[in-house]
1. Which members of region 236-258 meet the condition of being closer than 16 Å to I107 by Cβ and of a type in the set (G, A, S)?
2. If you check T330 against the conditions, is it touching a strand residue (DSSP E or B) at 6+ places or on another chain (Cβ under 9 Å), modelled with pLDDT of 90 or more, part of a helix (DSSP H, G or I) and within 18 Å of Q186 (Cα to Cα)?
3. Taking region 201-221 only, how many residues are at pLDDT 80 or above and either in a loop (DSSP other than H, G, I, E, B) or of a type outside the set (F, W, Y) (or both)?
4. In region 308-343, what residues are of a type outside the set (S, T, Y), closer than 18 Å to R169 by Cα and surrounded by fewer than 19 Cβ atoms within 10 Å (Cβ to Cβ)?
5. For G183, work out the one condition from (1) outside any helix (DSSP H, G or I); (2) closer than 23 Å to L327 by Cβ; (3) free of Cβ contacts under 8 Å to residues at least 60 places away in the same chain it doesn't fulfil.
Amino acid sequence: MLKWPKNTFHSRAASPEDEMSTAPPSIVPDDMERQQIEKEIVPDKVSAFKGLGWLDRFLAVWILLAMAIGILLGNFVPSTGEALQKGQFVGVSAPIAVGLLVMMYPILCKVQYETLHLAFKSKELWIQVGFSIIMNWLVAPFLMLGLSWAFLPDESGLREGLILVGIARCIAMVLIWTGLAGGDSQYCAILVAINSILQMVLFAPLAIFFINVISDSDTPISSSYSTVATSVAAFLGIPLAAAIVTRFIIRKISPTWYNQTFLKWLAPWSLIGLLYTIIVLFASQGHRVVHQIVSVVRVAAPLIVYFFVIFSLTLWVTHKLGFGYKLATTQSFTAASNNFELAIAVATATFGANSDQALAATAHLKLA
């Protein structure tokens with residue numbers, strides 16, 4: 001069982017008071033932590049739901065509504081898709097890129113960067129990082145490779161798009177899902193940062209190995225390190241740098257105002273950015289998805305199996321290892337999530353915007 005600094009990493013679901021706490025960290029003994037979990041697990045579930053705002057409580061409804069609006073715009077408003085695809089930012093539609101940046105910034109502003117160094121002194125943390133690397137860079141990519149061949153043996157384009165999705169580790173939406181599920185946002189930020197660094201090093205050679213060597217593709221992929229590094233730097237580096245600057249400047253002026261006013265005002269913008277991104281994506285690709293629904297359904301099947309297997313396996317293993325709810329949830333979402341924006345950028349740059357590879361990468365977000 002890990003011994004996390006208090007108010008930095010702990011096993012119970014986070015409350016608004018925990019997010020705003022600035023108390024000095026301390027170590028919680030294993031037996032005390034277990035007793036705390038046993039006593040508070042039921043009340044926390046109730047209070048966590050009651051503590052959600054109307055935007056969080058009905059998120060599933062808003063997502064379905066955003067999808068419907070996007071499809072209607074894409075199919076019944078001429079030139080919508082073409083207009084949304086005109087501007088490009090590191091290989092992704094500029095309107096989608098804006099949504100991703102807006103989505104990530106509020107979450108990263110909540111991370112207590114000033115106490116992260118305490119976590120890095122823990123030997124147990126590095127064990128957790130090692131476990132995350134195994135799940136993200138060994139188990140998950142090879143599982144997606146196997147599923148893509150099992151479900152799409154006759155569709156090389158869709159199969160290669162799925163392989164790209166499996167290699168790309170998530171650095172954006174996983175922060176939202178982890179927060180909504182009551183995971184540890186600060187621990188998630190550490191995993192995201194590590195996956196981002198590894199992504200810049202491993203994505204290109206793994207893509208070439210999986211597609212050119214193992215799959216013997218008719219259209220060999222040539223993914224450069226610069227493409228991957230640019231995507232990671234844009235979608236993680238920009239909001240991360242902005243969040244760090246914001247947190248240290250404003251908290252230095254008034255910690256109370258930052259914790260109690262600024263973060264409360266900023267919090268809904270993550271989900272607003274998510275819903276906006278979904279609308280734009282479906283509006284830009286809705287016409288194509290409707291007219292290629294068979295391909296989308298075929299891609300959806302292995303993606304659903306992939307998420308279920310990876311999430312369940314990680315959750316089961318972390319539970320057996322006694323990580324606690326918050327860490328187990330964070331590990332599971334991190335392992336099961338993928339970097340669709342990088343997969344789209346590489347697929348578009350290599351195979352073209354109208355390729356089956358790009359369609360498969362885009363279909364992943366529709367199921368994210």
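1. G237, A241, A242, A243 - these are the residues of region 236-258 that are closer than 16 Å to I107 by Cβ and of a type in the set (G, A, S).
2. no
3. 11
4. Matches in region 308-343: F308, V309, F311, L313.
5. Evaluating G183 over (1) outside any helix (DSSP H, G or I); (2) closer than 23 Å to L327 by Cβ; (3) free of Cβ contacts under 8 Å to residues at least 60 places away in the same chain leaves (3) as the failure.
Matching residues to (1) surrounded by fewer than 23 Cβ atoms within 10 Å (Cβ to Cβ); (2) under 13 Å from the mean Cα position of the chain (by Cα):
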position	(1), (2)
F142	yes, no
A150	yes, no
S156	yes, no
E160	no, no
I171	no, yes
V174	no, yes
L180	yes, yes
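The values are calculated or read from the model by the stated rules, or taken from the named source; none is laboratory data. Quantities reported herein were computed from a predicted structural model and do not represent experimental measurements. Cβ sites come from the backbone with ideal geometry, for glycine too, and all protein chains shown count toward neighbours.
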